[in-house]
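Asker: Provided herewith is a single structure, encoded as structure tokens, for subsequent inquiry.
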Amino acid sequence: MQAHILRNLALHLLEHYDIALGHLEPLADYVSEQRCIYRVVSKEGESYMLRALKGNVRKALQAEAAVLEYLDRRAFPAPHVLLTRANEPVSSHGGWHGLLLTWIDGNMADFSEQTLLRLGTLLARLHTLSQRVETESDGALLPDSRLRSTQFPQRILNQVEQELASMPQEIRPFYGELLASVRRIQHASPELPVTLIHGECWPHTALLQGRGEPVLIDWKGAGLAPAVLDVGYLLLAAHFGKPQLPVMQPDPGKITAIVRGYCQERRLLDSELHVLPDAIRLDIAQQAVQPELRLTLFGNWRENITLQKLLARFEASAEIARIAQEQFATGSVV
């Protein structure tokens, strides 16, 4: 770790939280000049989780804090926000902005059917407790989730549509279908129940505690959006525990476990079931329309691992949706 980053973070913690730093443990694969995620251990031996970022990020951190405070008031299991000495959720020092959270003990969740069933139940519990979020006073403080279709700028969608004709012929159906999925979600959104969603619920954003009960962490993509988008993401991401190349194979056992878990707390409406295939593809679309990835289409796109994984996920998405729709239609419960 660079000495000046360590020094700035130590001063940050002392000035804003009265925490004398013992040591820091990086929680990401890298530490940059703009982004740090650490386990903070104080000289007294207490542990915390610190997200420290530079740039125009204060508003985003405040939005994440609003989500976690909303959950805290409703006793939903999640990290708690530690306020600064000035009673603020976000601290600023030397160009850094920080969000300090309680440390959650546990092991990263696995991809077993039992764990996925419990994640499905936890996700449904989140959606149920926030089913009236749009009419609640503190719901007005919550951001839109990263998955909400409003997060797709119209100009980007128009650009992709214009580029279709010049894309390699093999890739056009992929982008054409993804655009259609985004449009269908946007069209259906007024009829879909909006709740607080996690936005990236899968085993790598959950820790298992005690007897294997999951706790969701990493809430930076959370916010308001149709609940079915959360379900779609989990159904797809449940398959990321196995190699996705050259082909991602839908796993009926994992899909059924998620649906059974979810149905213990909540059932999808017909309107949600109808758009489930598009909900499963939404994260694929979000990544595929990024300008950096689209640039590779006019070069050696077959060698781009990210694009190849997105193609594999897309090819599996229809079968994942078919199995899930059948299970939801039968009202699967354990």
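The values are calculated or read from the model by the stated rules, or taken from the named source; none is laboratory data. Values in this document were obtained by computation on a predicted structure and should not be read as measured data. Glycine also receives a Cβ, built like all others from the backbone with ideal geometry; neighbour counts cover every protein chain displayed.
Asker: Can you tell me which residues in region 85-109 are buried (at least 18 other Cβ atoms within 10 Å of the Cβ) and in contact (Cβ under 8 Å) with a residue 40 or more places away in the chain?
Answerer: Residues satisfying the conditions are SER91, TRP96, HIS97, GLY98, LEU99, LEU100, LEU101, ALA109.
Asker: I would also like to ask the following. Specify which of the listed residues (GLY253, GLY241, GLY210, GLY221) is more than 30 Å from THR102 (Cα to Cα) and either surrounded by fewer than 23 Cβ atoms within 10 Å (Cβ to Cβ) or aromatic (Phe, Trp, Tyr) (or both).
Answerer: Among GLY253, GLY241, GLY210, GLY221, only GLY253 is more than 30 Å from THR102 (Cα to Cα) and either surrounded by fewer than 23 Cβ atoms within 10 Å (Cβ to Cβ) or aromatic (Phe, Trp, Tyr) (or both).
Asker: Can you list residue pairs whose Cβ atoms sit under 8 Å apart, with the first residue in region 44-70 being assigned to a helix (DSSP H, G or I) and the second being among the aromatic types (Phe, Trp, Tyr)? Count only pairs 6 or more apart in sequence or on different chains.
Answerer: GLU64/TRP219; VAL67/TRP219; LEU68/TRP219
Asker: Got at least one residue in region 235-252 being farther than 19 Å from GLU315 by Cβ, at pLDDT 95 or above and not in a helix (DSSP H, G or I)?
Answerer: No - not one qualifying residue is present in region 235-252.
Asker: For the condition assigned by TED's automatic domain parsing to the domain that holds GLU163, within 25 Å of LEU157 (Cβ to Cβ) and either not in a helix (DSSP H, G or I) or not small (Gly, Ala, Ser) (or both), what is the one hit in ARG260, ARG281, ARG322, ARG267?
Answerer: Only one candidate passes the filter, namely ARG281.
Asker: Any residue that is modelled with pLDDT of 95 or more and closer than 11 Å to GLY98 by Cα - is there at least one of those in region 3-12?
Answerer: Within region 3-12 (the criterion being modelled with pLDDT of 95 or more and closer than 11 Å to GLY98 by Cα), the answer is no, since none of the residues qualifies.
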